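Here is the structure we will look at.
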DNA sequence: CTGAAAGCGCTTACAG
DNA sequence: CTGAAAGCGCTTACAG
């Protein structure tokens, strides 16, 4: 039933195609119809200019007639590089990642590269690396690493320097292309703003991360203002867990300003504060981070720092494409790929923060 | 610099590898070390039992020694089927889709299939189909279609019946594997529940969808209760747009119960209601749909119907895998793939709904 | 500008 | 059980 030697020359009629390509025309079929050789076809596909006008027309007609579409898999095998981008990320449900991936998808579609998702096993270690390896085995044209929780080091070192790659977020890597979200700066600014509103200090509730630039910005702003920093409170990615934290914080009348590691946590905190009988922002100000889609809809609307995730995703693809074109053209490999582009967030003050009640 | 004929037999030393595979060992290299033929290697890879014990050991040792990993691209070319799953979906940022994709990712990883995302162009038509085509050109082992806004028909008809596929959501398709989310039933139940709470009618705010099973369930529940149905109000996927709708609804003292097409819209409505000076649930009850991660954190926590998106995603992969195994084993192609599995949602009553104030 | 040849790394009848 | 051969659909030197 399946294909066997000779099958295609004798007309691959047979049964139903086993897969989508099935009996789609091959480059050889088109070459025959256009009366040119296969290599000429190949040249035409890569750059029509390399073929004489006459053949060009014949080929175009044949392609049209047979509705030919080159087989990307065969191409990938010959080139040892498939025309696709793989995105490596941990849990894709988290807001920032979803948005970033969306931006990547949009731009990738624009340049005609499909994207494949390589989920980094949250348990890390060997399991995560085996994921990475198996994605690399597919020879993607390039990889985009979303590194919002800094599991990067072990992954980055697995990716050959010759492989186009861009990292979004994470600690700085030498000789790699990277997009920096300036979280430290934003956190610093938000904290300072809260201080300006008259709050004596601001409490920080942190989201899981090995290295937390947001916490660092907060701490530094406090330190610069000569305000002692309360111990940061750690929570999970699950907003529900922040409710209890909010409630406890609400029981302490001295806390009047809380800065959360992300908007979802901020929302959980606000719920907890409400349960503790405290009003936002009258009794306590709450600020988040990210500008989640629902932040402006929250009750009250949440003050936060807007992160340009999807823009970062789009930019990552653009950067990656440059590198890919470089390797395709065999030029400047690896050398000039050191990039560190900033995509800064900005403060958006809504109604969840207010001057300290005197 | 690049590969040229003979390169691999003469030792492909040369420069840096151009891509990740670069100078990875091929099946031929391993065969040489193990002192067996390439076909024997191939047989071993597919099913070690088909090879004599002696060779089996030699091969295992050689694989280990060279750290050999088969090239999935070459395999895909030979088999005209790549070991990967492509997921087709419109805007992946929307809650249900993100969750579903997460489930797919988790299960796909378990069975060792990478997933590639094919974003369906929201503008539909030819643009969308060209996306589909180019994904199909990659010969995925199977496809999962997330059809939460019913753009399905034109896509489904493009996918050969011989291609393993499972559809999640959407209107029923003959002779296809499909997972049904029972939204009609859930919407019916929610509406009836609201009526039981004493509300004279329930208003419906609908999310964009060509065919809206949720609206149908709502309408039928009203009709069965002999309650006239108010005109449904259409909104967008953007929760912010629901604020204004909530405000307007809030100005009408006769509305005491609102059912939203999804949780995010419900949240927007609640915000609008608040702005209109109405309290939830004291003045008006609001129910959503989906059980968004933030629903239980909302102020007040949102009554909704919990949808098992990630479970649906996982089940889809399981169903797909069965089909894939069928085609790999050349059996029962296409015939027995008619499946219609239900994954029902369930009502979760939280604090945003209450008996009508007498 | 163009074609014949060889190669990419696998798989699958076929004939021992 | 196993190897030699041919094939999957492309690409790229090489030599006109």
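A short reminder: the numbers here are calculations on the coordinates, not readings from a lab. Computed from a predicted structure; not experimentally measured. Neighbour counts run over all protein chains shown; Cβ positions are idealised from the backbone, glycine included.
A few remarks follow.
- In whole angstrom, the stretch A:61-217 maps to an equivalent ellipsoid with semi-axes of 38, 18, 13, each derived as √(5λ) from the alpha carbon gyration tensor and ordered largest first.
- Distances in nm from residue B:130 to the matching label points in the other copies, shortest first (labels 7 Å along Cα to Cβ): 4.2
- Principal-axis tilt of helix A:183-196 within chain A, Cα atoms, nearest 10 degrees: 20 degrees
- The relative contact order of the stretch A:183-306, computed from alpha carbon pairs under 8 Å that lie at least 6 residues apart in sequence, is 24 percent.
- Relative contact order computed over chain A (Cα-Cα under 8 Å; 6+ residues apart), in percent: 16 percent
- DSSP beta bridges in the protein assembly as shown [antiparallel fraction, %, rounded to 5]: 15 percent
- Calculated label separations, residue A:322, copies of the chain, 7 Å along the beta-carbon direction, nm: 5.0
- Between 0 and 90°, nearest 10: helix A:263-275 axis offset from chain A longest Cα axis: 30 degrees
- Normalised alpha carbon radius of gyration of chain A [divisor 2.2 N^0.38 Å]: 1.31
- Identity and axial distance of the chain A residue whose Cβ lies nearest the axis relating A to B, Å: A:116, 2
- Euclidean distance of C-alpha centroids, the stretch B:217-291 and the stretch B:101-176, integer Å: 33 Å
- Mean Cα-pair separation over length for the stretch B:179-221, i.e. relative contact order, pairs under 8 Å, 6 or more apart, %: 61 percent
- Shape analysis of the protein assembly as shown based on the Cα gyration tensor places the equivalent ellipsoid semi-axes at 50, 33, 22 Å, largest first.
- Quotient of C-alpha Rg and 2.2 N^0.38 Å, computed over the stretch B:239-338: 1.65
- Working note: 222 nm ellipticity from helices only, DSSP H runs with n ≥ 4, each -39,500 (n - 2.57), summed and divided by the residues of chain A, gives -12500 deg cm²/dmol to the nearest 500.
- Averaged over the residues of peptide A:299-311, the number of Cβ atoms from other protein chains lying within 10 Å of each residue's Cβ is 1.
- Exposure proxy for B:349, A:196: other Cβ atoms within 10 Å of each Cβ, ordered fewest to most, give A:196, B:349.
- With Cα atoms, 0 to 90° folded angle of helix B:53-66 axis to chain B main axis: 70 degrees
- For the stretch B:108-194, the Cα gyration tensor yields ellipsoid semi-axes of 27, 17, 12 Å (square root of five times each eigenvalue, largest first, whole Å).
- Tail beyond 21 Å, pair distance distribution of the stretch B:183-306 (Cα, percent): 29 percent
- Each other copy places its own label point for residue A:347 at 4.7 nm from this one, sorted shortest first, where the point lies 7 Å along the Cα-to-beta carbon line.
- The ranking of B:279, A:97 from fewest to most other beta carbons within 10 Å of each one's beta carbon is B:279, A:97.
- Between A:256, A:293, A:304, the residue with the greatest mean-square fluctuation in the GNM of chain A (Cα pairs under 10 Å linked by springs) is A:293.
- Counting neighbouring Cβ atoms within 10 Å and putting the fewest first, the residues B:42, B:82 line up as B:42, B:82.
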